[in-house]
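A short write-up of the structure that comes next.
What follows draws every value from the coordinates through simple rules; no lab data is involved. Since the model is a prediction, treat every value here as computed from it, not as a measurement. Here the Cβ positions follow ideal geometry from the backbone for every residue, glycine too, while neighbour counts run over all protein chains shown.
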Amino acid sequence: MTHVYNPLEYAWAPHRAYIKAFADAPKRVIFLGMNPGPWGMAQTGVPFGEISHVREFLKISGRVGRPAREHQKRPVLGFACTRREVSGQRLWGSIQARFGDAASFFADHYIANYCPLAFLEESGRNRTPDKLPASERAPLFAACDRHLRRLVELLEPRFVIGVGAFAEARAREALAGVDVQHGRVLHPSPANPIANRDWSGTVAKQLTALGVWA
């Protein structure tokens, strides 16, 4: 691993706008992602932040700077970036199709990432937090656990739903003893062949089975 991006620093303006617009308490459901994708939150500061949906559905924009040390294959161009993050397209597109507008969704739901950092290898390949060396995971996970516990304390959700297995596992460990119901939905990454076959329909069925959606 050669580069670490922290969009809470260089993309703080849109991230702050997301919090101010949608993080009012309480929430019935928190959806928890893993960490920023290079063409999503790493560009916009918003979880699963595919640019067109952040701008048009969430109505969020703002100044985005640059990481202190930028990988030439993963430039941060903010809202000028032309690359699309498929995971964000699927997630926000599904929400828009079901709820119509952002206010209707966020009246009862919130989306956050467990870890706010993006990790890049020398080749530019994304490295997920679970693939970090154990000596680096321990202090990172401790900080992320504290943030998640504080988020749950503030938003008082009934459900914390991991978007993928990693997020669910971290939520269960970080929130041990906290009165919330846990669950998991299929991650929308195109790297997952199952997600490429009606991801939205699959997740709707999973959430219905969990009692999250009627």
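Using R₀ = 35 Å, calculate the FRET efficiency as 1/(1 + (r/R₀)^6) where r is the Cβ-Cβ separation of A107 and R66; round to 0.05.
Working: r = 35 Å, r/R0 = 1.00.
E between A107 and R66, to the nearest 0.05, is 0.50.
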> For Rg and Dmax of the Cα atoms in Å, which listed value, (i) 16.2, 46; (ii) 17.3, 54; (iii) 20.1, 57, comes from the coordinates shown?
Replying inline: (i)
> If amide H atoms are built 1.01 Å from N in the plane of the peptide, which residues on other chains or at least 5 residues away come under 5 Å of the amide H of A11?
Replying inline: G65
> Could you give the length gained on full extension between R150 and E173, defined as 0.36 nm per residue of separation minus the Cα-Cα distance, in nm?
Replying inline: 6.9 nm
> When only C-alpha pairs under 8 Å and at least 6 residues apart count, what is the relative contact order of region 1-120, in percent?
Replying inline: 43
> Going toward the positive end of the dipole of the chain, with +1 on Lys and Arg Cβ and -1 on Asp and Glu Cβ, which of I95, T2, A25 do you reach last?
Replying inline: T2
> Under a point-charge model restricted to the Cβ atoms of Lys and Arg (+1) and Asp and Glu (-1), what is the dipole moment magnitude of region 3-209 relative to its Cα centre, in debye to the nearest 20?
Replying inline: 280
> By average Cβ neighbour count within 10 Å, what is the ranking of 182-192, 197-207 from highest down?
Replying inline: 182-192, 197-207
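Looking at region 96-188, which GluC sites (Glu not before Pro) are in a loop (DSSP not H, G, I, E or B) and have at most 11 other Cβ atoms within 10 Å? Each step should come with its number before you reach the end.
Values: sites: E121, E122, E136, E153, E168, E173; in loops: E121, E122.
Passing sites in region 96-188 are E122.
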> For the residue pair K73 and I19, what label-to-label distance in nm results when each label sits 7 Å from Cα along the Cα-to-beta-carbon direction?
Replying inline: 3.3
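Grab the Cα-Cα distance for R28 and V4, subtract it from 0.36 nm times how many residues apart they are, and report the gain in nm with one decimal.
Numbers: separation 24, 0.36 × 24 = 8.64 nm, distance 3.26 nm.
Using 0.36 nm per residue and subtracting the Cα-Cα distance, I get 5.4 nm.
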